[in-house]
């Protein structure tokens, strides 16, 4: 999608300065989407599916020790799900 951030062309609404651009069509699972603006292009992006049916995998990125709360491990859930009250065990790298 051609845009001009300086002038706001084709950002939120179709611009008269880019009449040569006829729009874009993208095939998605539920059919297809059409659009001429950056906002329409962003809205048509399908979020990736998460493998929630697989075992929990949460690589640790950091560990914080917060007074009054305790030790807080931080990471991103790659597969599976985690719920409040769930008991988890952390293992070293390479241990499955």
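The values are calculated or read from the model by the stated rules, or taken from the named source; none is laboratory data. As the structure is a computational prediction, the values presented were derived from the model and not from experiment. So basically every Cβ, Gly included, is an ideal-geometry build from the backbone, and we count neighbours across all protein chains shown.
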Quick check, is residue 51 in a loop (DSSP other than H, G, I, E, B), surrounded by 10 or more Cβ atoms within 10 Å (Cβ to Cβ) and touching a strand residue (DSSP E or B) at 6+ places or on another chain (Cβ under 6 Å)?
yes
Against the conditions (1) over 30 Å from residue 28 (Cα atoms); (2) under 24 Å from the mean Cα position of the chain (by Cα), where does residue 50 fall short? Just the number, please.
(1)
Given (1) modelled with pLDDT of 85 or more; (2) over 13 Å from residue 1 (Cα atoms), residue 93 misses just (1)
Taking the criterion of being assigned to a loop (DSSP other than H, G, I, E, B) and closer than 30 Å to residue 90 by Cα, would at least one residue in the stretch 11-31 satisfy it?
no
Of the residues 56, 39, which is touching a strand residue (DSSP E or B) at 6+ places or on another chain (Cβ under 9 Å) and in contact (Cβ under 8 Å) with a residue 24 or more places away in the chain?
56
Sole residue being out of contact with any helix residue (DSSP H, G or I) (no Cβ under 6 Å at 6 or more places or on another chain) and at pLDDT 90 or above, chosen from 23, 30, 80
80
Which residues, counting only those in the stretch 59-96, are loosely packed, with under 10 Cβ neighbours inside 10 Å, in a strand (DSSP E or B) and in contact with a strand residue (DSSP E or B) (Cβ under 7 Å, 6 or more places away or on another chain)?
61, 62, 65, 66, 71
